[in-house]
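What follows is a short report on a single structure.
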Amino acid sequence: MNFDPAIAAQVALHECEHSGELGEDFERVSEAEEIFSASAGQVAKSAYLELLQIGKIHSQAMSFQEFLIFITWQQVTEETIPLHFQTGVTLCDAYFTNLQGTHSSQHFSQIQELYRSYRNGLGLDDTDPHDYDDDIIKGGD
């Protein structure tokens, strides 16, 4: 990976805060994220699950969805089980669907890279159904 998902998560959370996309729920997110970042084991996992629940409520909050994708990789490294890889794939699929063909996020290529990693962790082929770069006409002979 050419980036640190933990740092990318913090950047996405900062963007989420400044966009106001979560409204009053940002306080809950901030508290849960603090617990997630400062803890390990079951305490961190409970905070992570709370963040995922908030993500379901705010499925159109793109910066927050990016944050969830990045912290899911942290879960993968903490506990390498298929459930976390599948959660990552599901979050990425929803994210790409919500983009509706735009590439406005600075995190887009990072999320594509994580998506491939999540899929590889499940033993799925390396073909990215959301690889928008395949549609770009390339020059040459």
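Points to keep in mind about this one:
- Fewest-first sequence of Thr72, Thr80 by Cβ atoms within 10 Å of each Cβ: Thr80, Thr72
- Likely footprinting exposure, Met62, Met1, fewest C-beta neighbours within 10 Å first: Met1, Met62
- Förster-model FRET efficiency, 30 Å R0, Ser30 and Asn98, C-beta, rounded to 0.05: 0.85
- Relative to its residue count, the range 5-131 spans a Cα convex hull of 91 Å³ per residue.
- Approximating the spin labels as points 7 Å out from Cα along Cα→Cβ, the Lys45-to-Asp125 distance works out to 3.4 nm.
- Whole-number percent relative contact order across the range 5-131, with pairs defined as alpha carbons under 8 Å at least 6 apart: 24
- Taking Leu83, Leu114, Leu49 and counting other C-beta atoms within 10 Å, the order from fewest to most: Leu83, Leu49, Leu114
- Charge dipole (debye, nearest 20) of the chain; +1 at Cβ of Lys and Arg, -1 at Cβ of Asp and Glu: 280
Rule-based calculations on the coordinates, nothing more; no lab input. If you're wondering where the values come from, they're calculated on a predicted model, not measured in any experiment. A quick note on method: Cβ atoms are made from the backbone with ideal geometry, for glycine too, and the neighbour counts reach across all protein chains shown.
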